Each structure stands twice: as C-alpha cells, then as structure tokens.
Amino acid sequence: MPEFLAEVIGTMILIILGGGVVGGVVLKKSKAEDAGWVVITIGWGLGVTMGVYAVGSFTGAHINPAVTLGFAAVGEFPWSKVPMYISAQMVGAFIGAVVVFLNYLPHWKETKDQGAKLAVFSTDPAVRSPFSNLVSEIIGTFILLMGLMFIGANEFTEGLNPLIVGLLIVAIGMSLGGATGYAINPARDLGPRIAHALLPIPGKGGSDWKYSWVPIVGPILGGVYGAVFYRAIFLGEYSVLFWILSTVIAVILFGATSAELKKGNTIADNVEKKIS
C-alpha cells in the first residue's frame, strides 16, 4: 500500500471511531447519549489502536502531524516525507469526519445545541483562556511523544504495541484532557473542523475559527519538544532545537501562569470591594 494512502486510512479510522464516540455521547436520541467522558476517552484510545493496527506495517502509523514532526526533529523520520504524511493525515481526518456525519444523519436535527454538534468534529476548551489552553495542548502532546519514545525503548510481545499506544491516549485523555478536550493532533482537529464548516449540518452554527490555532500550535510545540526532550534527557543528545524550544515553552508557561494569577487577583479584589 502506498504510504500516502496508508496515512489517509489510518487517520480516517482514528476520526471515525474518535469522532464517532463523541457523537454517540453528545447528540440527542443517541443510545449512548450522556455516557460520559470515560467512554469518550476509551473510544479515542481504541480509535488510535485500530488506526495503528491498520497501517502500522506500512508507515509506522503516525496518523498525527505532531508525531511526524517530532520524529523528523530527532532524525527518526526523513523531512522530505513530512509534507506528504501531513497532507495524507489531513485528508484522512476530513474523510473520517464526513463518515461520522453520515453515521448520525437523523441526530443533527434532533440536537439543538450548536456547541455539541461542533464537539463531534473539533475540540473546545472547558474554560476559554487561549494561552492557558495552549499550555494544556503542549503538555498533553509532550506526554504523547514522550510516551511513544518510552514504548519504542521497550520490547513488547508482537502485536501489542498498538494496544499500548491506545492506552497511552486513554491515560492522557483521563488525566489531562478535561481542560481542552485534548486534540494533541492538529489533523484530528483541523480536518474535521473544515468538514464541519463545509457539511450541510442542520443548525450547526459557526466553526469557532478563533480558537482553531490552539489545537494546531500547541500539539506541534508539545510534540516536537517531547521528542527532543527525550533525546536530551534520556540519551544525552542535547541539540540547539532543545534549548530553543525549552526557552519558548518556558516563556509560554510563565506568561500563561502570570495571566491566570492576575485574573484570580482581579476577581478576588472585585469580590472584596463588593463585600466592603
């Protein structure tokens, strides 16, 4: 199978099962309605597992631009193939989102909540604060790439690796995903968001493009940093990119923390003024 097609299929499977479980939980009159966050995280984990099983032997099943860029940044993947892989992942994510739309055809008109409809396709934060949301996506994808490096450094019974990767996704979702819905994959968010914008979904509302940069920039920064951090700390291979990203991410973390603390102090001052 050609590598482009393999990445299309792997990413498509990821979105069909991942976006599909969200649709089942949030769309009205679905038999899985209100099943909850645990079901969603397990669905996404199994989506990754099935995507990796499907095409891992052809491409290594990146199915995520952050993974492709992270591996390329540490020399484990040729830069010449990066554009092709990312293009395939975007196409696969878009097709997968269209399949999810078709699967739930009667449910779109039954669901009045525009945010719920968008959630089937793309992520949104529980508390909207762009730079803090960016931090959450950086951390989640950092753990993803670190986890992939850990898994690669250990030997598992043949055929178990995809399952372990799926469990990693479940762990990230349960532990860190509550802040932003854990895109941790630019294609997973952008491809379906484009589908949401183009598909004739009844009463769908806007596609929240103002937020769309966060699940793109955050996973790219976190993914690449996770890969170079592993090489630096675990293997002693310090690079210029490691120091540059360490500085950039430290600035982002400091800025986001300062902004949130300032908001907290402002709220406390306002409450105190009302009381007095």
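The values are calculated or read from the model by the stated rules, or taken from the named source; none is laboratory data. These figures come from a predicted structure and were not determined experimentally. Quick reminder, even Gly has a Cβ in these numbers, built from the backbone with ideal geometry, and neighbours come from all protein chains shown. With ligands, DNA and RNA removed, areas are computed over all heavy atoms of the protein, side chains included. Shrake-Rupley method; radii C 1.70, N 1.55, O 1.52, S 1.80 Å.
If each residue of separation counts as 0.36 nm, what is the full-extension length gain between GLU260 and LEU160 once their alpha-carbon separation is subtracted?
Values: separation 100, 0.36 × 100 = 36.00 nm, distance 4.15 nm.
31.8 nm is the gain from fully extending GLU260 to LEU160.
Relative contact order for the chain: what percent, with Cα pairs under 8 Å and sequence separation of 6 or more?
Working: 432 pairs, mean separation 70.1, N = 276.
Result for the chain is 25 percent.
Chymotrypsin sites (Phe, Trp or Tyr not before Pro) within the stretch 136-191: which are DSSP loop residues with at most 14 other Cβ atoms inside 10 Å? Intermediate values should be presented prior to the final figure.
Working: sites: PHE142, PHE150, PHE156, TYR182; in loops: PHE156, TYR182.
Taking the stretch 136-191 and a limit of 14 other Cβ atoms within 10 Å, the loop chymotrypsin sites (Phe, Trp or Tyr not before Pro) found are PHE156.
Obtain the nm distance between the two label points defined at VAL248 and ALA171 by a simple spin-label model: each point lies 7 Å from its Cα along the Cα-to-C-beta direction.
2.7 nm
Which net charge results when you count Lys and Arg as +1 and Asp and Glu as -1 among the other residues whose beta-carbon is under 10 Å from that of GLY60?
Numbers: positive: none; negative: GLU3, GLU7, GLU76.
Every neighbour counted, the sum reads -3.
Ranked from the most accessible area to the least, with a 1.4 Å probe and all protein chains present, what is the order of THR257, THR68?
Largest accessible area first, the list is THR257, THR68.
Positive end of the dipole of the chain, charges at C-beta (+1 Lys, Arg; -1 Asp, Glu), about the Cα centre: which of VAL67, VAL135, VAL55 has its Cα farthest in that direction?
Toward the positive end, the furthest listed residue is VAL135.
Using a 1.4 Å probe, how large is the accessible area of VAL74, given in Å² and rounded to the nearest 10?
20 Å²
Quick one: of LYS28/LYS112; LYS112/LYS204; LYS29/LYS210; LYS31/LYS117; LYS29/LYS117; LYS81/LYS210, which pairs are farther than 19 Å apart, Cα to Cα?
Pairs exceeding 19 Å: LYS29/LYS210; LYS81/LYS210.
Please identify the helices of the chain, taking whole runs of DSSP H, that span at least 15 Å along their own axis as judged from the Cα atoms and have a mean Kyte-Doolittle score of -1.0 or higher. Present the calculation step by step, with values, prior to reporting the outcome.
Working: long enough: 3-26 (34 Å, 1.95); 37-59 (32 Å, 1.40); 82-103 (31 Å, 1.69); 130-152 (33 Å, 1.63); 161-176 (22 Å, 2.13); 186-198 (18 Å, -0.14); 214-235 (30 Å, 1.60); 240-275 (53 Å, 0.80).
Once both thresholds are applied, what remains is 3-26, 37-59, 82-103, 130-152, 161-176, 186-198, 214-235, 240-275.
Determine the order of ILE15, ILE252 by accessible area, beginning with the largest, at a probe radius of 1.4 Å.
Solvent-accessible surface, decreasing: ILE252, ILE15.
Would you check the accessible area of MET12, probe 1.4 Å, heavy atoms only, in square angstrom rounded to 10?
50 Å²
Normalised by the residues of the stretch 151-253, what does the relative contact order come to in percent, with Cα pairs under 8 Å and at least six apart? Walk me through the intermediate numbers first.
Numbers: 48 pairs, mean separation 19.7, N = 103.
Across the stretch 151-253, relative contact order equals 19 percent.
How large is the charge dipole for the stretch 124-212, taken about the Cα centre, if only the Cβ atoms of Lys, Arg (+1) and Asp, Glu (-1) carry charge, to the nearest 20 debye?
Numbers: 5 positive and 6 negative charges, 80 e Å.
Roughly 380 debye for the stretch 124-212.
Which of the GluC sites (Glu not before Pro) across the stretch 122-227 are loop residues per DSSP, with 13 or fewer other Cβ within 10 Å? Mind dumping the intermediate values first?
On the way: sites: GLU137, GLU155, GLU158; in loops: GLU155, GLU158.
Passing both the DSSP loop test and the Cβ count: GLU155, GLU158.
Any chance you could check the Cα centroid distance between the stretch 166-216 and the stretch 80-120 for me, in angstrom?
9 Å
Rounded to the nearest 500 deg cm²/dmol, what is the calculated helix-only ellipticity per residue at 222 nm for the chain, with -39500 (n - 2.57) per DSSP H run of length n ≥ 4? Spell out each step's value before the answer.
On the way: 11 runs with 198 residues, N = 276.
When only DSSP H runs of four or more count, the value is -24500 deg cm²/dmol.
Among ILE151, LEU221, GLY181, flag the residue with its Cα farthest along the positive direction of the charge dipole of the stretch 125-224, charges on Cβ as +1 for Lys/Arg and -1 for Asp/Glu.
GLY181
If you place +1 on the Cβ of every Lys and Arg and -1 on the Cβ of every Asp and Glu, how big does the dipole about the Cα centre of the stretch 1-151 come out, in debye to the nearest 20? Intermediate values should be presented prior to the final figure.
Values: 8 positive and 9 negative charges, 80 e Å.
The dipole magnitude comes to about 380 debye.
Under a Cβ-Cβ cut-off of 15 Å, what is the net charge of the residues other than ILE15 that fall near it, where Lys and Arg count +1 and Asp and Glu count -1? Could the numbers behind the result be given before it?
Working: positive: ARG188, ARG193; negative: GLU7, ASP189.
Around ILE15, the surrounding residues sum to 0.
Tell me the accessible surface of TRP243 in square angstrom (1.4 angstrom probe, heavy atoms of protein chains only), to the nearest ten.
150 Å²
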